[in-house]
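Notes to accompany the following structure.
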Amino acid sequence: MPWFKTLVATLALLVTVATHARPLPDIQKSGKLLAATEGAFAPFNHFEGSKLTGFEVELAEMVAKKMGLAIEWKTIGFDALLTGLGQDRWDLVIASHGITEERAKAVSFMAPHYCSGGLIVAKDPKIRTGKDLAGKVVAVQTGTTYLDNVKKLTGAKEVKNFPGDGDARAALVTGRADAWVSDRFSALEALRKNPNLKLHAGDLLFTERIAAAAAKGNNSLVQAWNQALAALLADGSYAQLSRRYFGEDVRCK
């Protein structure tokens, strides 16, 4: 993505910072939390037929239940999710957003609900590290931290960005890219389900904390969410859900 497009996108996000976000009492009065996600990022948020599911979807529903609320889901492209908070289209977003200083200028992040990182995947098993990406074409999803970090941490020949993570993976599979960088757990899930593609997992290019987000300054919602999430972390519910999806507890240590 050209630098000026990145700048325009950032400015647009800042301009749309919410001034009318629903505070917690209004959400409680309605009995329903409006939550948005991408719905195309397995195993975190994706569709199985017509059913929206995934680790983050189930976790959000557990948190909402602790808060005494139901959830109404909205799904939309990843790069429009945080902007939608500023337009008061939903109360929160949970879609594997890494916490960054730039994003935190425009939204209020909840406590992290898992830690992960950008995994390097390639057909060539010799491509494993950030140094190995020098001079290579790398595929990533638009609007993600993978895009920024590939540009910052490698000497890649070209970074191609795509609207969906699956599109970025397809670019690697079809030879339009030499490597694909995605979330560690999502990439490993794709490799497990598609052994015929003969893709190889390399190293983590970077690590990050992942969190849900609310409109900037909606502190009552953030605090209530964090309290409910903390209760799930303490009572074993989170660990049970995490092990069902990943075979391990993926909370931030």
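Across the chain, the mean sequence separation of Cα contacts (distance under 8 Å, 6 or more residues apart), normalised by length, yields a relative contact order of 26 percent.
Of all the options Asp178, Asp26, Asp132, the one that moves most in a Gaussian network model of the chain with Cα springs shorter than 10 angstrom is Asp26. Start at zero, step by 5 Å, and the Cα-Cα distances of the range 81-145 spread as 3, 12, 21, 18, 14, 12, 10, 7, 3, 0 percent across the bins. For the pair Gln240 and Ser30, the difference between a 0.36 nm per residue extended length and the Cα-Cα distance amounts to 72.6 nm.
Rounded to the nearest 20 debye, the dipole magnitude of the chain is 360 debye, with +1 charges on Lys and Arg beta carbons, -1 on Asp and Glu beta carbons, and the Cα centre as origin.
Working from label points 7 Å from Cα in the Cα-to-Cβ sense, the Glu102 to Phe47 distance is 3.0 nm. Estimated from helical segments only, the mean residue ellipticity of the chain at 222 nm is -11000 deg cm²/dmol, where each DSSP H run of four or more residues counts as -39500 (n - 2.57). Rounded to whole Å, give me the distance from the Cα center of the range 108-136 to that of the range 166-185. First find each Cα centre; the distance between them is then 11 Å. Size descriptors for the range 117-207 (Cα atoms only): Rg and Dmax, in that order, 11.2, 32 Å.
Evaluated with a Cβ-only charge set (Lys, Arg +1; Asp, Glu -1), the range 117-207 carries a dipole of roughly 220 debye about its Cα centre, given to the nearest 20. Only one residue of Leu191, His46, Ser242 has its Cα farthest out toward the positive end of the dipole of the chain, where Lys and Arg carry +1 and Asp and Glu -1 on Cβ, and that residue is Leu191. When both bridge partners sit in the chain, DSSP labels roughly 65% of those beta bridges antiparallel. Pairwise Cα separations in the chain fall into 5 Å bins from 0 onward with the following percentages, short to long: 1, 6, 13, 18, 19, 17, 12, 8, 4, 1, 0, 0. Using the Cβ of Asp203 as centre and a radius below 12 Å, the other residues enclosed give a net charge of +2, where K and R count +1 and D and E count -1. If one takes the longest principal axis of the Cα atoms in the chain, at what angle in degrees, from 0 to 90 and to the nearest 10, does the Cα axis of helix 219-235 lie? Around 70 degrees separate the two axes.
Every read-out reported here was derived from the displayed coordinates using simple, explicitly stated rules and does not represent laboratory data. Please read all numbers here as calculations on a predicted model, not as lab measurements. Here Cβ is always computed from backbone atoms with ideal geometry, including for glycine, and neighbour counts include all displayed protein chains.
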